[in-house]
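The values are calculated or read from the model by the stated rules, or taken from the named source; none is laboratory data. Every value quoted in this text rests on a predicted model; they were computed, and no experiment measured them. Note that we place each Cβ from the backbone using ideal geometry, even for glycine, and neighbour counts take in every protein chain shown. What goes into the accessible areas is simple: the full protein's heavy atoms, side chains included, and nothing from ligands, DNA or RNA. Shrake-Rupley method; radii C 1.70, N 1.55, O 1.52, S 1.80 Å.
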Amino acid sequence: MAATATIEKVSIIVSKGSLEGIYPALIMANGARAEGIEADLFFTFFGLDAITKKRWEHIKLATVGNPGLHLPTLLGGLPGVPDLVTRYMERKMETLDIPPIPEFIEMIADTGAGIYACKASVDLFELDKDDLVEQVQGIITVGEFYEHAAGGQIIYT
């Protein structure tokens, strides 16, 4: 039987600001921590919404151009549809004991996972540390992200 490699560290890049873009990263980070694997989350571009105080409680499911939703694009763009579908998904996740994004980020941070914002994206969207939730450990450059990720696996969601 061949020896299996043990994963000791994962660094997860979160670049999308929708429910289906953020939750996979949170679930993977939470699972890594539960298995004793070091985990860092690096939020960039629209993924910053998940850690921005004004946005993290208002993340929506993308209903236009989302092939996994199996909803015609025209229907997904109708007023009220994004809110309706988002509420439906949130209720389904609640029945599975998957916490809302703010609570999930707090839980993951409490396990010792690193939570970082991309400096280039923070500058692009004219944000600063005060705009971000308290769980963010730093605003770092891509080079600093690679230093944190050294020796581990990088996952892009």
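For the set LYS53, LYS9, LYS119, solvent exposure ranked by accessible area (probe 1.4 Å, protein chains only) runs largest to smallest as LYS53, LYS119, LYS9. With a Förster radius of 22 Å applied to the beta-carbon distance between LYS9 and LYS129, the computed FRET efficiency rounds to 0.30. Normalised radius of gyration for region 82-148, please: alpha carbon Rg relative to 2.2 N^0.38 Å, two decimal places. Ratio of Rg to 2.2 N^0.38 Å for region 82-148: 1.39.
Taking ALA34, ALA113, ALA25 in turn, the Gaussian network model of the chain (Cα-Cα springs below 10 Å) assigns the largest fluctuation to ALA34. A Förster radius of 30 Å, combined with the Cβ-Cβ distance separating ARG87 from ILE154, puts the computed FRET efficiency at roughly 0.35. Which percent of the accessible area of region 1-151 is formed by carbon and sulfur heavy atoms (probe 1.4 angstrom)? The computed percentage sits at 57.
Note that region 10-138 presents 53 Å² accessible area per residue, ligands and nucleic acids not counted, probe 1.4 Å. Maximal additional length on extending the ASP110-HIS58 stretch stands at 16.5 nm, based on 0.36 nm per residue less the C-alpha distance.
Residues LEU71, LEU26 ordered from highest to lowest accessible area at a 1.4 Å probe: LEU71, LEU26. For the chain, the Kirkwood estimate of hydrodynamic radius, built from reciprocal distances between every pair of different alpha carbons, is 16.4 Å. List the chymotrypsin sites (Phe, Trp or Tyr not before Pro) in region 104-157 that DSSP assigns to loop (not H, G, I, E or B) and whose Cβ has at most 16 other Cβ atoms within 10 Å. Which are they? Those satisfying the criteria are PHE125. Cross-link pairs exceeding 28 Å between alpha carbons, from the set LYS16/LYS92; LYS16/LYS119; LYS9/LYS60; LYS60/LYS119; LYS92/LYS119: LYS9/LYS60; LYS92/LYS119. Comparing mean-square fluctuations of GLY36, GLY47, GLY114 from a GNM of the chain with C-alpha springs under 10 Å, the top value falls on GLY36.
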